[in-house]
Amino acid sequence: MEDCRKILVSGIASLNLNITDEQVDQLLSFIKLIEKWNKAYNLTAIRDREEMARLHILDSLAIVPHIEGKRVIDIGTGAGLPGIPLAICLPETEFTLLDSNAKKTRFVQQVVLELKLKNVNVCHSRVENYHPEQPFNSVITRAFASLSDIVKLTTHLLAKDGVLLAMKGQNLDAELAQIEAKKSVISVSVPGTDVERCLVRIESPVQAEVS
């Protein structure tokens, strides 16, 4: 895992993040767990651990500066991305990782146990059926759905001044045109890759009426 460690340490430095050696060890342990469980659970199409370090871990960590508030939910977390890397690096922030795939939430729960993450709650549910006792400051999605669908499905989860953060590729003009709320597109650079990424930040989307 030494090559992975070098990739992470270099990438974290490029992102100007303040992360301890212990947190790097946790990120490496996460990669090992994905690698181990991937054979049976088909968690991710990426099989190479160095590519996981770049395209999963550093991709997730690239949005750390844009996380707002102390209560965050990762919708459609899959193998725990970006939620697990973010939770490792932001231990004072409370994360809920939600997915409708039971195999994947079982894996994420195992990660939480093995890495002893005290700030993560794993939830097996469809997003439209999930109604938390407290709303969230930030709702994050990564490769989840179109922007209009994301807004429609997640606004009931947001606090009054909450933000929706959608991790996306480029060429979003058509999707952005369908969003009426105040929005901004933040260009995101993933160290060690030429992947084009952006983060769409949507402020306080109009809350859907509860019937």
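The values are calculated or read from the model by the stated rules, or taken from the named source; none is laboratory data. Because the structure is predicted, anything quoted here is derived from the model rather than measured. Cβ placement follows ideal geometry from the backbone for every residue including glycine, while neighbour counts extend to all protein chains displayed.
With respect to P91, determine if the residue is at pLDDT 95 or above, more than 28 Å from L8 (Cα to Cα) and in a loop (DSSP other than H, G, I, E, B). Talk me through it step by step, then tell me what you get.
Working: at pLDDT 95 or above: yes; more than 28 Å from L8 (Cα to Cα): no; in a loop (DSSP other than H, G, I, E, B): yes.
It is false that P91 is at pLDDT 95 or above, more than 28 Å from L8 (Cα to Cα) and in a loop (DSSP other than H, G, I, E, B).
In the set (1) closer than 25 Å to K32 by Cβ; (2) surrounded by fewer than 23 Cβ atoms within 10 Å (Cβ to Cβ), K152 fails one condition alone, (1).
Please verify whether L98 is in contact (Cβ under 8 Å) with a residue 24 or more places away in the chain, under 18 Å from the mean Cα position of the chain (by Cα), over 26 Å from I31 (Cβ atoms) and assigned to a strand (DSSP E or B), treating the condition exactly as stated. Before you say what the answer is, go through the steps one by one.
Values: in contact (Cβ under 8 Å) with a residue 24 or more places away in the chain: yes; under 18 Å from the mean Cα position of the chain (by Cα): yes; over 26 Å from I31 (Cβ atoms): no; assigned to a strand (DSSP E or B): yes.
No.
Does the range 111-119 contain at least one residue that is polar (S, T, N, Q), within 16 Å of the chain's Cα centre (by Cα), surrounded by fewer than 19 Cβ atoms within 10 Å (Cβ to Cβ) and within 23 Å of L61 (Cα to Cα)? Yes, the range 111-119 has at least one match. Would you mention how many residues in the range 139-157 are under 15 Å from K182 (Cα atoms), touching a strand residue (DSSP E or B) at 6+ places or on another chain (Cβ under 7 Å) and either assigned to a strand (DSSP E or B) or not β-branched (V, I, T) (or both)? Residues in the range 139-157 being under 15 Å from K182 (Cα atoms), touching a strand residue (DSSP E or B) at 6+ places or on another chain (Cβ under 7 Å) and either assigned to a strand (DSSP E or B) or not β-branched (V, I, T) (or both): 1 in total.
If you go through the range 13-49, how many residues are among the aliphatic types (A, V, I, L, M) and either in contact with a Ser or Thr (Cβ under 7 Å, 6 or more places away or on another chain) or without any contact (Cβ under 8 Å) to a residue 60 or more places away in the chain (or both)? Spell out how you get there, then give the answer.
Going through the range 13-49, the residues among the aliphatic types (A, V, I, L, M) turn out to be 13, 15, 17, 19, 24, 27-28, 31, 33-34, 40, 43, 45-46.
If we keep only those that are either in contact with a Ser or Thr (Cβ under 7 Å, 6 or more places away or on another chain) or without any contact (Cβ under 8 Å) to a residue 60 or more places away in the chain (or both) as well, we get 13, 24, 28, 31, 34, 40, 45-46.
Qualifying residue count for the region: 8.
So that you can scan it fast, the table gives a plain yes or no per residue for (1) over 17 Å from L165 (Cα atoms); (2) surrounded by fewer than 19 Cβ atoms within 10 Å (Cβ to Cβ):
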position: V24; (1), (2): yes, yes
position: L43; (1), (2): yes, no
position: E51; (1), (2): yes, yes
position: R54; (1), (2): yes, no
position: I63; (1), (2): no, no
position: H66; (1), (2): no, yes
position: I75; (1), (2): no, no
